[in-house]
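Peer 1: Take a look at this one; I'll ask things after.
The values are calculated or read from the model by the stated rules, or taken from the named source; none is laboratory data. None of these values were measured; they are calculated from a predicted model. Glycine also receives a Cβ, built like all others from the backbone with ideal geometry; neighbour counts cover every protein chain displayed.
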Ligand code: GLU
């Protein structure tokens, strides 16, 4: 080949390589996965809207990132409809089966069943919500049939995708427990019981078959008929490999539980921050409320002109206080009277700010008292510390279309690899979402029949003067909340661009003795200065993997995905600049 050809081949390759940031006009997509981003962009380019494209992205991620999100799990959609300028949220959170009681996770010894045993069991599997969420979103906002939207994912499952390091690493980390279930072993490990090698092609024909059923039958293809029977059967009789050392408990989820499942349309959590309107998921996700709590506290300080360490100190301590309230008060609103009116009032924030000192608190702080700030102060008060056991899986999809509609969509099967149990013959993992309940009652987040466990997922939209400014979200269990919060502060207070905010080193304070932080945060100047203010750090390699879209005043958009964490993501716009 002559030099010119080599150069043009290289250029062509660089155009098709996954890029974490893209700016231009028209629709935009940011996800953790290039296949998913490309598939969603294809939907936008063929006239689909943001809701259509978000569903295509989620279905594709169910193939290529099956340990993070899939039809065996659930999620939360925050949808901005440009025509009506309204935000709708759709809660497709997994629910507890009908016969669950607050003691469902208590063993014969009267203690909570060990966490690992709860995860790898039929007991942790909530009624999956993902497909019902798609159905609800499409009926309200969709412009294309589910059949068409699933096609890219069907092709991916059937023809396969190239195993990358992240997929390999996640399989490797789960190898032992995946090997304990015959269906999971057959689906996700090779004939030797090992992860498929990096660079090999991974196919999931069972999942392609299941997606085809959904394409033909819509939500009934999941909640009734053969898939529903297989899900219930799998939960009740987890397909363990003979001789496994694991104590795998059976669950009780039935076809009736599946048939009864409903996605719920909810009013978003809305708050204000320095003239911006922040719109997020309401309970049962604590994402929106906890971010609002922290921002209300932070509004009392001028972070943009404060010395940086002082500003970061405020961020960490506001988060600590917000998490104290989250742990004490928040659960499924259908089951618990939540003092949200008080918690989210600016008056409560003013009072609560008195607990935010100039130095780091020594450890966990107690929750505040929101009841005097309620119109009805007679709500029952049940503050109790909650233990954080949420996984760090999950994925976030951000999409906008040429008409200005926006979708922020976080979906999950809870732990990376969920319950570890694949539905035999159908190619998807079941969630372990019910471990997001507090195992020990009484607690607002204790399990109950038909209840949804408290989440941290935080798909978030930001508006100024009624116009969209940005949309974002992240995986990462309870660190989702701080990742989104820190990214908001990075943009709105520290003046970073959205890609810079998403890339910046992270720290997460969730009312613990130490702040978990990335090396780049701890070892930088900020980390050192924060030590002097009494902060203690626990190092972790990575926190979160955010994606988002920024809407510039001139009508262009920047789609931004995580550049490096979890192998980096992929952002594309219809008409790149
Ligand atoms: N189950 C968690 C939640 O709903 C998400 C888990 C994760 O991010 O891995 O908040």
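Peer 1: Check segment 407-430 and report whether any residue there is without any contact (Cβ under 8 Å) to a residue 24 or more places away in the chain, away from the ligand (no atom under 16 Å from the Cβ) and either farther than 28 Å from residue 314 by Cβ or more than 20 Å from the chain's Cα centre (by Cα) (or both).
Peer 2: So in segment 407-430, the residues without any contact (Cβ under 8 Å) to a residue 24 or more places away in the chain come out as none.
No, every residue in segment 407-430 fails to be without any contact (Cβ under 8 Å) to a residue 24 or more places away in the chain, away from the ligand (no atom under 16 Å from the Cβ) and either farther than 28 Å from residue 314 by Cβ or more than 20 Å from the chain's Cα centre (by Cα) (or both).
Peer 1: Testing residue 283 on (1) under 17 Å from residue 342 (Cβ atoms); (2) away from the ligand (no atom under 15 Å from the Cβ), one condition comes back false. Which one is that?
Peer 2: Only one criterion in (1) under 17 Å from residue 342 (Cβ atoms); (2) away from the ligand (no atom under 15 Å from the Cβ) is unmet by residue 283, namely (2).
Peer 1: Identify, by number, the condition in (1) crowded, with 20+ Cβ neighbours inside 10 Å; (2) under 24 Å from residue 132 (Cα atoms) that residue 255 doesn't meet.
Peer 2: Unmet for residue 255, out of (1) crowded, with 20+ Cβ neighbours inside 10 Å; (2) under 24 Å from residue 132 (Cα atoms): (1).
Peer 1: State yes or no: is residue 501 in a loop (DSSP other than H, G, I, E, B) and either closer than 26 Å to residue 67 by Cα or away from the ligand (no atom under 16 Å from the Cβ) (or both)? Lay out the reasoning, then the answer.
Peer 2: Details: in a loop (DSSP other than H, G, I, E, B): no; either closer than 26 Å to residue 67 by Cα or away from the ligand (no atom under 16 Å from the Cβ) (or both): yes.
Taking the combined requirement at face value, the residue does not satisfy it.
Peer 1: Could you tell me which residue of segment 518-535 is surrounded by the most Cβ atoms within 10 Å (Cβ to Cβ), considering only residues that are in a loop (DSSP other than H, G, I, E, B) and touching a residue at least 40 places away in the same chain (Cβ under 8 Å)?
Peer 2: Going residue by residue through segment 518-535, those that are in a loop (DSSP other than H, G, I, E, B) are 518, 523-524, 533-535.
Pick out the ones that are also touching a residue at least 40 places away in the same chain (Cβ under 8 Å) and you get 533-535.
Working: 533: 16, 534: 13, 535: 24.
Within segment 518-535, the match that is surrounded by the most Cβ atoms within 10 Å (Cβ to Cβ) is 535.
Peer 1: Out of segment 141-154, which residues are over 22 Å from the mean Cα position of the chain (by Cα) and part of a helix (DSSP H, G or I)?
Peer 2: Correct list: 146, 147, 148, 151, 152, 154.
Peer 1: Kindly evaluate residue 484 against the criterion of being modelled with pLDDT of 95 or more and either in a strand (DSSP E or B) or more than 14 Å from the ligand (Cβ to nearest atom) (or both). Give the derivation first.
Peer 2: Numbers: modelled with pLDDT of 95 or more: yes; either in a strand (DSSP E or B) or more than 14 Å from the ligand (Cβ to nearest atom) (or both): no.
Answer is no for this residue.
Peer 1: Given the structure, is residue 207 touching a strand residue (DSSP E or B) at 6+ places or on another chain (Cβ under 7 Å) and in contact (Cβ under 8 Å) with a residue 12 or more places away in the chain?
Peer 2: Values: touching a strand residue (DSSP E or B) at 6+ places or on another chain (Cβ under 7 Å): no; in contact (Cβ under 8 Å) with a residue 12 or more places away in the chain: yes.
Answer is no for this residue.
Peer 1: Which of (1) farther than 25 Å from residue 255 by Cα; (2) more than 16 Å from the ligand (Cβ to nearest atom); (3) not in a strand (DSSP E or B) does residue 88 not meet, given it meets every other one?
Peer 2: Residue 88 satisfies all of (1) farther than 25 Å from residue 255 by Cα; (2) more than 16 Å from the ligand (Cβ to nearest atom); (3) not in a strand (DSSP E or B) except (3).
Peer 1: Does residue 194 satisfy being without any contact (Cβ under 8 Å) to a residue 24 or more places away in the chain and surrounded by fewer than 16 Cβ atoms within 10 Å (Cβ to Cβ)? Walk me through how you get there before you give the answer.
Peer 2: Values: without any contact (Cβ under 8 Å) to a residue 24 or more places away in the chain: yes; surrounded by fewer than 16 Cβ atoms within 10 Å (Cβ to Cβ): yes.
Answer is yes for this residue.
Peer 1: Of the residues 495, 476, 512, which is within 17 Å of residue 315 (Cβ to Cβ), part of a loop (DSSP other than H, G, I, E, B) and within 16 Å of the ligand (Cβ to nearest atom)?
Peer 2: After applying the criteria, what remains is 476.
Peer 1: Kindly indicate whether residue 89 is under 16 Å from the mean Cα position of the chain (by Cα) and within 25 Å of residue 409 (Cβ to Cβ). So that I can check it myself, show each step before the final result.
Peer 2: Working: under 16 Å from the mean Cα position of the chain (by Cα): yes; within 25 Å of residue 409 (Cβ to Cβ): yes.
So residue 89 fits the description; yes.
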